[in-house]
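Each value in this text was obtained by applying a stated rule to the coordinates, not by laboratory testing. Predicted, not measured: the structure shown is a model, and the values here were computed from it. Positions of Cβ are backbone-derived with ideal geometry, glycine not excepted, and every protein chain shown enters the neighbour counts.
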Amino acid sequence: MLFDAACRLFEEGAGKECRLAAEQGEFPEALWVKLADAGFLHPSVPEELGGVGGDALDEFAILRAAGRHAVPGPLADTMLAGWLAAACGVKVPEGPLAVAPVNFTDRLRLHKAAGNYKLEGEARRVAWASAAREVLLVAETGDGGSALVRLEPGGIRRAREANMAGEPRETLAFRNFSLGASLVTKVEVADLRERLLQRGAAMRAALMAGALEGVLARAVTYAGERVQFGRAIGKFQAVQQELAKLAGQTAAALTAAEGAYGAISRGGDSLAAIAVAKARVGEAAGIGAAIGHQVHGAMGFTHEHDLHFLTRRLWSWRDEFGNEARWQIVLGRAAARAGGEGLWPMVSAI
Amino acid sequence: MYQGLNFEAVSLPPGAEAFRAEVKSFIHEHLAGMKPVARADSWNGFSAEFSRKLGARGWIGMTWPKKYGGAERSALERYVLLEELLAAGAPVGAHWIADRQSGPLLLRFGTEAQRAEFLPRIARGELYMCIGMSEPDSGSDLAAVRTRAVRSNEGWRVNGRKLWTSYAHRCHGMILFCRTGAKEEDRHGGMSQFLVDLDWPGITIRPILNIAGEHHFNEIIFEDVLVPFDRLVGQEGQGWAQVMNELAFERSGPERFLSAFALFQELVRALGPEPGERAEAAIGRLVAHLATLRRMSISVAGQLQAGRTPDVEAALVKDLGTGFEQELPEVARLLLESEPFAGSADGFAAALAQTMYYAPSFTLRGGTREILRGIIARGLGLR
């Protein structure tokens, strides 16, 4: 099973040293070579476009494993860039990649100007832009279409930030930015940006579901080892009840995230299933991280302990590609339009 | 040791959507005009007439062998039937226990004569059963039951009391769980199950009104009740194992998250097509929970159909599902200016009150939340 294979690779190749170094700005080169060799970067991109030609569910399996092991580096972001390139019929570029925009407010606009193009706008919180060999941007062309723009990060004005997990996030600013026609691929898809955000949300949901599994496994192990009042704390009903709640949130998260990928894999409209996943998994992330910390006590609050690699990612990822409220509103608007009679048919079709 | 939870994706079988349409049209034909407050009764709604109509369609015991009155349909088709009935607030309470629990128990452990006698009548929607487990001093601790059956020359003599028995006053039979052996080291030993007719001499049924002032519960007193030998279900002394077998079926079905659906529907109806972002986020959150619970529940149904016993997963579905049902009225009441009143002409206010009255029972019936979490903790390897 792909999930197990991915877990094995991450256990060996993405240990604590590797995670800490990545947070200090060091790109995980050795791990990256293994990921590329294993075909983990573009699992569901067709072979003729540079991918492995697998199913979307393969992407879910790899990201779930990556989340579970808090894998450092732009794996999901490169995967998302690969999806974007393939969606535009472009062969996926080599190496680590970044995509923009990554939230619901930022928009990039492309204008024709004397045989060339001008790019305008700002894309905030772009993941791993400086480490990427290329940044793939979605811009609106003003004629109802979209364009894929490929740029090397060196020429872009960048402001470095990070998320709570120490993963690089950068603001890319384009003002009267000139680029040649060879860097632009026009597509007849008006909602390319929305589809990019949907796929990005599905990926974050898969990562979070995996990270919750990691928190649960650690918390259960810890509760079995840590002794207080003469017995393992996991023997106390109060602790057992909390761990059972954590198991419930984890199970819901896995089910919702896999549901999104099931819908993507079947084809057709997967918006509702993705919205369910990002909303439900994001909620589980907050509850699950809190329980994980409560069970680990002060030990889990130290930088020495590994728990924070998972929980800081959960706190970051739930706000990326639209938080719970954003996706709840997508679902709630659809439910309100469906009305009382249409509510159940809508839910049972997700 | 913790091995992970299995909620593998299960797809409904081909033909499920055609069957769903058939069920929807049946519901439309027979339940059009049903009031929201009645729909909010969900699987507490009792209608012998409706149960007989379902039976006539082959929709009770629909997975059972044809020779016992079943239709040999799949468990996942049955799932579609149940979720459509529950989403419509259909009054399924009369046959619910017989269809879900008593029938499958007899199929699995009953004698050939018991199956031949009772299953076809259950499947026709004519024979209703109740559960005889809880007692005054035996709630969550089922092994503490005191009701006892003692072997005599004519049959088993039963003495004791059962409590919280829903619809005993309108059912024909009960699956009685009681002690037949001495108290042993193994406190789960010495238990047996019997199929009891509720009109037998020595049985007294007393009503217990619930907080809504309605009569669902009963206390049942057994005084030297003679139970014929041929009414023992399964093996003497194996009652505990037999009961545990029922629980995965009892805990993971769509009734564990759709009990409050009528209220959700009234909420969405009352909010209208453009309720604003605050309400949209709130109802969208409920949709996300509901869709996820449904997927989890279908996964367990698929695993049960495949012959596995996902009891930890079933407990998880019930814990999360009943929590969702209980939260629904709390979310709904803050989205509309309305005061809950079961007698209201306003569908939302009436469904809100009815759901609030019954909400405390959601996390009690079929295993309390705390017991379920204990089962989950055991599944995690903690006890």
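Summary table below
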| read-out | value |
| --- | --- |
| Rg(Cα)/(2.2 N^0.38 Å) for chain B, N = residue count | 0.99 |
| In nm, spacing of pseudo-spin labels at B:Ala16 and A:Phe3 (7 Å Cα→C-beta vector) | 1.9 |
| Estimated FRET transfer efficiency when R0 is 51 angstrom, pair A:Asp143-A:Glu48 (beta carbons, to 0.05) | 0.95 |
| Base-10 log of normalised Debye intensity for the stretch A:2-187 (one unit scatterer per alpha-carbon) at q = 0.10, 0.11, 0.14, 0.16 Å⁻¹ | -0.40, -0.49, -0.78, -0.98 |
| Two-site FRET efficiency, B:Arg278 against B:Leu364, from Cβ-Cβ distance with R₀ of 30 Å, rounded to 0.05 | 0.40 |
| Cα centre as origin, Lys/Arg/Asp/Glu Cβ charges: chain A dipole, Debye | 780 |
| Neighbour-count order for B:Phe109, A:Phe3, B:Phe264, fewest beta carbons within 10 angstrom listed first | A:Phe3, B:Phe109, B:Phe264 |
| FRET efficiency, 1/(1 + (r/R0)^6) with R0 35 Å, evaluated for B:Asp141 and B:Ala56 via beta carbons | 0.25 |
| Average partner coverage of A:273-283, which counts Cβ from other chains inside 10 Å | 4 |
| Highest to lowest packing among A:72-79, B:253-260, scored as the average C-beta count within 10 Å | B:253-260, A:72-79 |
| Number of partner chain Cβ atoms within 10 Å, mean per residue of A:217-224 | 3 |
| B:His216, A:His293 arranged by Cβ crowding within 10 Å, fewest neighbours leading | A:His293, B:His216 |
| Hull shadow area, averaged, the stretch A:192-349 [alpha-carbon convex hull, nm²] | 10.6 |
| Residue with peak Gaussian network fluctuation, chain A [Cα springs, cutoff 10 Å], from A:Ala70, A:Ala290, A:Ala132 | A:Ala290 |
| Net charge dipole size for the stretch B:181-265 [Lys, Arg +1 and Asp, Glu -1 on Cβ; Debye, nearest 20] | 340 |
| Cα centroid of the stretch A:277-293 to Cα centroid of the stretch B:360-382, whole Å | 21 |
| Ordering of B:35-45, A:206-216, B:222-232 by burial proxy (mean other Cβ atoms within 10 Å per residue, highest first) | A:206-216, B:35-45, B:222-232 |
| Kirkwood hydrodynamic radius of the protein assembly as shown, Cα pairs, Å | 27.9 |
| Hz values of 3J(HN,Hα) by residue in the stretch A:334-350 - Karplus curve (6.51, -1.76, 1.60), Gly and Pro given as x | 5, 5, 5, 5, 5, x, x, 6, x, 4, 5, x, 5, 5, 6, 8, 6 |
| Listed residues A:Gly39, A:Gly262, A:Gly142, most fluctuating in chain A (Gaussian network, C-alpha, under 10 Å) | A:Gly142 |
| Pairwise Lys count, chain A - Cα closer than 19 Å, eight or more residues apart or different chains | 5 |
| Among A:Thr311, A:Thr255, A:Thr221, residue whose mean-square fluctuation peaks in a GNM of chain A (springs only between Cα atoms under 10 Å) | A:Thr221 |
| Anchor B:Lys162: lysines whose Cα lies under 27 Å away (excluding residues fewer than 8 positions away in-chain) | B:Lys183, B:Lys318 |
| Length-normalised contact order of the stretch A:2-187 in % [C-alpha pairs under 8 Å, at least 6 apart] | 18 |
| Most positive-pole-ward Cα, A:Phe309, A:Gln237, A:Ile264, against dipole of the stretch A:192-349 from beta carbon charges | A:Ile264 |
| P(r), alpha carbons of chain A - 10 Å bins starting at zero, rounded % | 6, 25, 33, 23, 10, 3, 1, 0 |
| Projected label distance in nm at A:Glu152 and A:Ala21, using a 7 Å step from Cα toward the beta-carbon | 2.5 |
| Average beta-carbon neighbours from other chains, 10 Å sphere, peptide B:263-271 | 4 |
